[in-house]
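These notes are about the structure you will find just below.
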Amino acid sequence: MKTRYDRNEEAQSIRPRPLYVPLSDQTAAAITEKAAYNGTTVSEIISGFINDLVDGAQTRGSDERLFADQYFERCCYSFDDENTFIKSLIDGGFLKIIAENIRVIELYGDSDDPDDKLDVEEAQAEIAVYYDSYKETYGDKAQPLKEGIAELKRYMAELEKIQGDADPFIAYLNSVYATLKAENEKKPGSADEKIKLLRAVRDSYKQIKESEG
């Protein structure tokens, strides 16, 4: 249970998030009208439900959290017998560790720099350790590693989209990196030096931000 201090601290990072909700024209009109009729907005309705579901900074109370959780369990197909790799990582509190390792592999997997190669090897080894432990627990029912990694990448992509411009400079560097990587795929080696420089800038910037925080 979060304390008032926890909620106040969490509230400091509240800002608009780029959530995209697929709706028909009729449904969009109906929810907008319903919100207006009750003196609220669609954004406030969605924000309120999410806060109640995850016990966020702006949750409306214990009853609301209970009903939101019941709705989610009933409608979002959270089957207990689906022993996925990502579910195991979340239960164990290791999701961020493995996600960061995947990020390292994505960023430096095609680098010829010895330090980058070492980082990639360490990331791959750490993922293997967690997956082997997961597979030992679930045996033949364990999700194949390739499927688990694909699911983790989808989670990371969605998180990045929802976080939006949490750090505009990092977002910009990531977009430039994607462009350079595409150039290398068309003409291998053509963007190697630019990619190496971009990685150095990104790492230096992250070190500066971490020292400030």
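Tabulated data for the structure shown
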read-out: Residue count for segment 1-56, restricted to those that are in a helix (DSSP H, G or I), outside the structural domain of Tyr71 (by TED's automatic domain parsing) and of a type outside the set (S, T, N, Q); value: 7
read-out: Conditions (1) in contact with a Ser or Thr (Cβ under 9 Å, 6 or more places away or on another chain); (2) within 18 Å of Glu100 (Cβ to Cβ): number failed by Tyr155; value: (1)
read-out: Residues of segment 57-106 that turn out to be under 19 Å from the mean Cα position of the chain (by Cα) and in a helix (DSSP H, G or I), as a count; value: 20
read-out: Close pairs (7 angstrom Cβ cut-off, 6 or more residues apart or separate chains): loosely packed, with under 14 Cβ neighbours inside 10 Å in segment 49-78, not hydrophobic (A, V, I, L, M, F, W, C) anywhere; value: Arg60/Gly48; Arg60/Asp52
read-out: Cβ pairs under 6 Å, 6+ apart, first in segment 22-37 and surrounded by 11 or more Cβ atoms within 10 Å (Cβ to Cβ), second β-branched (Val, Ile, Thr); value: Ile31/Val42; Thr32/Val42; Ala35/Thr41; Ala35/Val42; Ala35/Ile45
read-out: Pairs with Cβ under 6 Å, 6+ apart, first in segment 126-143 and on the phi < 0 side of the Ramachandran plot, second among the polar types (S, T, N, Q); value: Glu126/Asn101; Ile127/Asn101; Tyr134/Ser88; Tyr138/Asn83; Lys141/Asn83; Gln143/Thr84
read-out: Boolean, Lys146 is under 16 Å from Ile86 (Cβ atoms) and not hydrophobic (A, V, I, L, M, F, W, C); value: yes
read-out: Boolean, Glu160 is assigned to a helix (DSSP H, G or I), of a type outside the set (A, V, I, L, M) and within 28 Å of Arg17 (Cα to Cα); value: yes
read-out: Residue that is farthest from Glu193 (Cα to Cα) [pool: residues in segment 107-145 that are among the polar types (S, T, N, Q) and part of a helix (DSSP H, G or I)]; value: Thr137
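The values are calculated or read from the model by the stated rules, or taken from the named source; none is laboratory data. Quick caveat: nothing in here was measured; it's all calculated off a predicted structure. Here Cβ is always computed from backbone atoms with ideal geometry, including for glycine, and neighbour counts include all displayed protein chains.
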